[in-house]
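Enquirer: Let me give you the structure first, and then I'll get to my questions.
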Amino acid sequence: MRAPDEPTASHPVAGVPVVILAGGLGTRLAEETEVRPKPMVEIGERPILWHIMKHFGAWGLREFFVALGYKGEVIKQFFLDYHTLTGSMTVGTATGGVERHARQTEDWLVHLMETGQLSNTGGRVHRLQQHLSPGTFIVTYGDGISDVDIGKLLRFHRSHGKLATVTAVRPPARYGGLFFDGDLVAAFTEKPQAGEGWINGGYLVLEPGVLDYLRGGDDTSLEGDVLPRLAAERQLGGYRHDGFWQCVDTLRDKRQLEAEWQSGTAPWKIWR
């Protein structure tokens, strides 16, 4: 799947800001996250965070609020250096003069927002509420990549008229699956789907009214407090995404995604 050409002002994604939750500790990937936050773990020499933003950028989304916490200074430094170090340049060592050669860079507006070292997911969004526009916004996690169709997701959200939509995914199981015929193995699959069970894949589309559900402050959990309440009040739509989705939880996940990127078959790379 490829994203469309540059959307017009009437396109359903136009003007929708994206909140990326990038402040968690990432304890299940401790080998990588002792020195950097989880969204800065690299796939193809680029942070997971960059891959997520490239995906949204391919759909015309340009404004990002990155909710910082654990080792947020690493993310700040990445973006401070990003424009300076991207592309070719010529340096005059006697004068210190720098000539930057023509290069293509992303047209992003990135707000790097401190949201507390120990804040929960809902608490981080709560801290950002004064900065979000009065319209629809998206919230996603800083460790999950996907090829979800953002245009279809937003159209689905607006079609049901509820306060929120969660993108439901069925990730591959972590181990090979066996299917029996009596005592014989009838079929073996290396990466079976995890049954019919749908899980929260992030890519949440929210209306401003959801901010009223975040009054518990820093301890508020999107997953434990807000989404269950919205579901109970029949205000939560579920967009079923049957395509690619992967959360980078372990070194095995990282290595698998790295192999796909290096082979040129990365399914989440929808940008041109």
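Enquirer: Relative to the compact globular guide of 2.2 N^0.38 Å, what is the alpha carbon radius of gyration of the stretch 15-148, as a ratio? Please report the intermediate quantities before stating the final value.
Expert: Details: Rg = 16.2 Å, N = 134, 2.2 N^0.38 = 14.1 Å.
Rg over 2.2 N^0.38 Å, computed on Cα atoms: 1.15.
Enquirer: Around Phe65, which amide H atoms from residues at least 5 apart in sequence, or from another chain, sit under 5 Å from its own amide H, with H modelled in the peptide plane?
Expert: Placed amide hydrogens put Val18, Val19, Ile20, His111 under 5 Å from Phe65.
Enquirer: Let me ask something additional. May I ask you to compute the full-extension gain from Gln129 to Thr84, defined as 0.36 nm times their residue separation minus their alpha-carbon distance, rounded to one decimal in nm?
Expert: Here the answer is 13.1 nm.
Enquirer: Near Gly44, within a Cβ-to-Cβ distance under 10 Å, what is the net charge of the other residues, with Lys and Arg +1 and Asp and Glu -1?
Expert: Surrounding charge for Gly44 is -2.
Enquirer: Separate question: So what's the net charge close to Thr220: Lys and Arg +1, Asp and Glu -1, counting the other residues with Cβ under 12 Å from its Cβ?
Expert: -1
Enquirer: When Asp218, Asp81, Asp143 are ordered from fewest to most other Cβ atoms inside 10 Å of their Cβ, what list results? Don't skip to the end; give the middle numbers.
Expert: Values: Asp218 15, Asp81 10, Asp143 26.
Lowest to highest Cβ neighbour count: Asp81, Asp218, Asp143.
Enquirer: Please list, in order along the stretch 155-167, the HN-Hα scalar couplings obtained from phi with the Karplus expression 6.51 cos²θ - 1.76 cosθ + 1.60 (θ = phi - 60°), rounded to whole Hz, x for Gly and Pro.
Expert: So the J values, rounded to whole Hz, are 5, 4, 4, 6, 6, 9, x, 8, 6, 8, 9, 10, 7.
Enquirer: What are the ³J(HN,Hα) values, in whole Hz, obtained from phi via the Karplus relation 6.51 cos²θ - 1.76 cosθ + 1.60 with θ = phi - 60°, for each residue of the stretch 116-129 in sequence order, with x given for Gly and Pro?
Expert: Computed from phi, the couplings for the stretch 116-129 are x, 5, 10, 5, 7, 4, x, x, 5, 5, 4, 5, 9, 4 Hz.
Enquirer: Among Phe137, Phe244, rank each residue by its count of other Cβ atoms within 10 Å, from fewest to most, as a rough exposure measure.
Expert: Phe244, Phe137
Enquirer: Here is a follow-up. Quick one: length gained pulling Gln256 to Thr93 fully straight, 0.36 nm per residue minus the C-alpha distance? Walk me through the numbers on the way to the answer.
Expert: Values: separation 163, 0.36 × 163 = 58.68 nm, distance 4.21 nm.
This chain segment gains 54.5 nm when fully extended.
Enquirer: Within the stretch 230-272, which residues have the backbone N less than 18 Å from the label spot 7 Å out from Asp212 along Cα→beta-carbon, could you tell me?
Expert: 230-237
Enquirer: Moving on to the next point. When each pair of different Cα atoms in the stretch 81-140 is counted once in the 1/r mean, what is the Kirkwood radius in angstroms, to one decimal?
Expert: So the Kirkwood estimate lands at 15.4 Å.
Enquirer: In a shell of Cβ-Cβ distance under 14 Å around Gly87, excluding Gly87 itself, what net charge do Lys and Arg (+1) and Asp and Glu (-1) give?
Expert: -1
Enquirer: Please order Val110, Val98 by the number of other Cβ within 10 Å, starting at the fewest. If you can, show how the numbers build up before the last one.
Expert: Numbers: Val110 19, Val98 10.
Ordered by Cβ neighbours within 10 Å, fewest first: Val98, Val110.
Every number here is computed from the coordinates shown, using simple stated rules; none is lab data. Computed from a prediction, not measured in an experiment: that's the story for all the values here. Ideal geometry is used to build each Cβ from the backbone, glycine not excepted, and the neighbour counts take in all protein chains shown.
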